[in-house]
Amino acid sequence: MAILYAYRARTLQGRQAKGLLAAENESAAVNILREKNLFIVDLHPTLVNYQHISLSKLLYKRTSQRDLAVLCRQFAVLLQSGLPVFQTLGITAAQTENPALKRALTEVIERVESGQTLAGAFRLSPGVFPEMFTSMVEAGEASGALDLVLERLAVHFEKEHEIREQIRVALTYPAVVLIIAALAVGIIMTFVIPNFMRIMNDMNVAVPLFTRAVFGASESFRHYGHLAAFALVLGAAGVRYFLRETVAGKEALDRLVLRLPVIGRLARKVIVARFARTLGTMVRSGVPILSALEVIKRITGNVVFARAIEDTINSVAEGRSMAEALDKSVFPPMVTRIVAVGEETGSLEEMLEKVAAFFDRDVETAIKRLAATVEPVLTVVIGGLVGAIIFSILVPLFSIYGSFE
């Protein structure tokens, strides 16, 4: 039975080519493209070939960076101990705790047993194993240094996981504080303020304008709060769809993020660190630079930088240096200078790893600085909001107290 493959490739003149082709297996598809004098950038089976959706993909979380790091580390250690690939896959699958990853590894074992290459078997599970992983495994198979490639992949995924955890930890405190503050304000506006309104009305106390405004807000919140909440959820869902599912929305969000005073600088540093680390890891592992850049373009996470990488790919395909192309893009000048030195001295992967190390440290510092800035700002804003509500209650109480003197 023929399998339908989607491919992206380049001609001998450097032009892009993409499309679909039917072949018995991946090797046959590769031969067909080579007969057409095409340089393969990406080749994978399309979703049309799948007859069902794996239940594990619906019930269990997707593979995390930490899961991939552990997988690569275990795989590399077992290979270095002298075990064959097939036996290593079986041991790794048995030790894996993530159910979705365990099932995917079991399917990989079946594919390898049927005669597919290891990279081809991993590539048939694109929702579990990212494109960078499969490309580097393919390079490791071709060079005979699969264990070293898996070690580098483990280091890469561990660093990605570490950065994500740092960002998550930095954002956890503000998120918790905002949720607690919203609940507190909601309780005050729903239960506390109405009681004071009844007391003031019963005593015919004249209340100031600010207090009347708070009382009015409380009344509106009690009567129309559910409608406002529904509209807020519906609006948030619409905005999320626009920003996540449409090209215009993604581009608008990515440009906005890069322009924000503090968040924008942090986002740039994270993207540049990921670019340098991923490219350095892939080039050192034997992946062709054009293939590596194609993979990075799809995982960069920002439309602006993805377009800059696309321009770099076109420039490199036309014979120009990568540093020359990066120099005309959104990448920092320091990156382009170090890349130029690496290209001139033949040590590009080493220079890229130095760039990644520098920006990784810069990202850690920026995250700590962001957390240190957000916490006092949130404290002041939330304290001011709650204080204003309490002040609106105390002012008429002072008036009542003064009337008894």
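Every number here is computed from the coordinates shown, using simple stated rules; none is lab data. Keep in mind it's a predicted model, so treat the numbers as computed, not measured. Every residue, glycine among them, receives a Cβ derived from its backbone with ideal geometry; neighbour counts consider all protein chains shown.
A compact table of results
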quantity: Mean Cβ neighbour count within 10 Å, used as a protection proxy, ranking 118-124, 243-249 highest first; calculated: 118-124, 243-249
quantity: Alpha-carbon centroids, the stretch 208-229 and the stretch 120-162: separation in whole Å; calculated: 56
quantity: Cα centroid separation, the stretch 333-371 to the stretch 244-270 (Å); calculated: 21
quantity: Low-density loop cleavage sites - GluC sites (Glu not before Pro) in the stretch 68-158, where at most 11 other Cβ are within 10 Å (DSSP); calculated: 97
quantity: Full-stretch length increase - residue 231, residue 251 - with 0.36 nm per residue and alpha-carbon distance subtracted; calculated: 4.7 nm
quantity: Net length gained if the chain between residue 244 and residue 390 were fully extended (0.36 nm per residue, minus Cα distance); calculated: 48.6 nm
quantity: Placed amide H near residue 44: partners under 5 Å, 5+ positions off or other chain; calculated: 6
quantity: Net charge over other residues, Cβ less than 9 angstrom from the Cβ of residue 122 (K, R count +1; D, E count -1); calculated: +1
quantity: Using a Förster distance of 25 Å, the FRET efficiency for residue 166-residue 354 (Cβ separation, nearest 0.05); calculated: 0.75
quantity: Per-selection metrics, the chain (Cα): Rg and Dmax in Å; calculated: 28.4, 101
